Each structure stands twice: as structure tokens, then as C-alpha cells.
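Chemist: The structure is given below, and queries will be raised subsequently.
The values are calculated or read from the model by the stated rules, or taken from the named source; none is laboratory data. Being a predicted model, the structure only gives us computed values, none of them experimental. As a convention, Cβ positions derive from the backbone with ideal geometry for all residues, glycine included, and neighbour counts pool all protein chains shown.
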Amino acid sequence: MMSDIKCSHFLINGGNYHPSGFQNGDQRNFTDDALDKSVEQILPLMETAEKHEINIAIEPKFWTVVNTPERFLQLKDRIGSDRLTIVLDVCNFIAFREYWRQRETIDHLLDKLAGHFSIVHAKDIHMETGRHILMHEVQMGAGEIDWVYVMWRLKEYSPDCWLILEHCREVEETDRGLVWLKAAISRESIELR
């Protein structure tokens, strides 16, 4: 069906023992056994993807089986197919430590994952500090992620990737996020095509 409608990517999550699938983690996700199980489950998908010339795109999260660029590259090496790709979602790799080291984290992500993604998810993270520290995923421009730097690096590594705005509940939120992003990057002479 996907090839019939000219859909080039099928997105799956990064693998998770937690019953929510994506909304929480499980300590078993960080084991070698979890990576082995992911290989077992993804291999049959890859046969179908190869047959129909469709890419399987994994969306990682810092608490899923695929939780670092290195973990994705291990999985891809074991699967042995260029049709296995990753969704570059910078915010999904940002935990408390990375929040304070954004440029170093962004550099690491793009250096390791260059050539392995064609889709970028764009949203933001807002941190509330105080006695209790909370991080919230929010729409583009409502947080503190250095998107100008992300876009600058994307221009270098993957200028033709798809950029998909997330966490927009209404068209107006999408419009505001896009206006914010265009204004922020135009000051740096970066363009969206």
C-alpha cells in the first residue's frame, strides 16, 4: 500500500519494553538483549521495505532501545540495509545533562548521523527550574533549544531533508512556529526551501 501511494518512509519508534510504547522507558531498554530483540523484530520489516523500496525510519528517544546515535548505528550495522534510517529529532536526545550542553550534543548527533536521516522533527523544549526541575516538549519557538544552530548544521549536513513541525495542535500553532523559525534563521542567512 505504501508504495502505491508513493510513501517513501514508514516511521517506527525506537523500541521499548514499557507498555506505553513511547511515553515512558524501562531499564531493560539499555541492554544488549533489547538490541537483539529489535534486530529480530525489524528484519522482517526490512525485507518488505527492500521489496517495495520504502525506508524504515526509527524515531529515537533517550529512554528507548535506540537512545543514542551509536546505538542506532549498531542496529543499522546488524540489520545491514541502507533502507533503515533514523528520524533526527534533536529534542528526543535531550535529557537534563544535554540541555545544558546543546551545541556539543547537536554536533555529536549530526557528526554521527550524517547520511542516515532525511527527516527532521522540529519542536522545542522548555525547562522549568526551581526546587523541582521539569522539562516539557513544546511547539517550535516556545522553548530554549538552539534551533538556529541546528539549522546551521543541517544546512551543512543535510540541506534537502524534510523538516516536520511537531506538537502543534492547531494550524495557527504551526504557522506561529514556522514564522518564528524563519525569522530566527533569516538573521543567519539560512533559508527553508
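Chemist: Could we say that residue 48 is surrounded by 15 or more Cβ atoms within 10 Å (Cβ to Cβ), farther than 25 Å from residue 177 by Cα and hydroxyl-bearing (Ser, Thr, Tyr) here?
Modeler: Judged against the criteria, residue 48 is not a match.
Chemist: Does region 154-169 include one or more residues that are farther than 24 Å from residue 9 by Cβ, surrounded by 13 or more Cβ atoms within 10 Å (Cβ to Cβ) and not assigned by TED's automatic domain parsing to the domain that holds residue 11?
Modeler: For region 154-169, residues farther than 24 Å from residue 9 by Cβ, surrounded by 13 or more Cβ atoms within 10 Å (Cβ to Cβ) and not assigned by TED's automatic domain parsing to the domain that holds residue 11: absent.
Chemist: Out of all the residues in region 107-115, is one or more among the small types (Gly, Ala, Ser) and farther than 20 Å from residue 154 by Cα?
Modeler: No - not one qualifying residue is present in region 107-115.
Chemist: Continuing with the same structure: What is the one condition in (1) touching a residue at least 40 places away in the same chain (Cβ under 8 Å); (2) surrounded by fewer than 18 Cβ atoms within 10 Å (Cβ to Cβ); (3) within 25 Å of residue 139 (Cβ to Cβ) that residue 53 does not satisfy?
Modeler: (3)
Chemist: Mind checking which strands (runs of 3 or more DSSP E) fall wholly inside region 1-94 and carry at least 3 residues that are closer than 30 Å to residue 146 by Cα and of a type in the set (A, V, I, L, M)?
Modeler: Because the criterion is at least 3 residues that are closer than 30 Å to residue 146 by Cα and of a type in the set (A, V, I, L, M), the strands (runs of 3 or more DSSP E) in region 1-94 that meet it are 55-59, 84-88.
Chemist: Among the candidates 107, 124, single out the residue that is surrounded by 18 or more Cβ atoms within 10 Å (Cβ to Cβ) and outside the structural domain of residue 12 (by TED's automatic domain parsing).
Modeler: Going through 107, 124 in turn, the sole match is 124.
Chemist: Tell me whether region 68-91 contains one or more residues that are of a type in the set (Asp, Glu), farther than 24 Å from residue 108 by Cα, surrounded by fewer than 19 Cβ atoms within 10 Å (Cβ to Cβ) and touching a residue at least 24 places away in the same chain (Cβ under 8 Å).
Modeler: No, every residue in region 68-91 fails to be of a type in the set (Asp, Glu), farther than 24 Å from residue 108 by Cα, surrounded by fewer than 19 Cβ atoms within 10 Å (Cβ to Cβ) and touching a residue at least 24 places away in the same chain (Cβ under 8 Å).
Chemist: Ok, one more. What strands (runs of 3 or more DSSP E), lying completely within region 119-175, carry at least 1 residues that are closer than 18 Å to residue 101 by Cα?
Modeler: 124-128, 134-138
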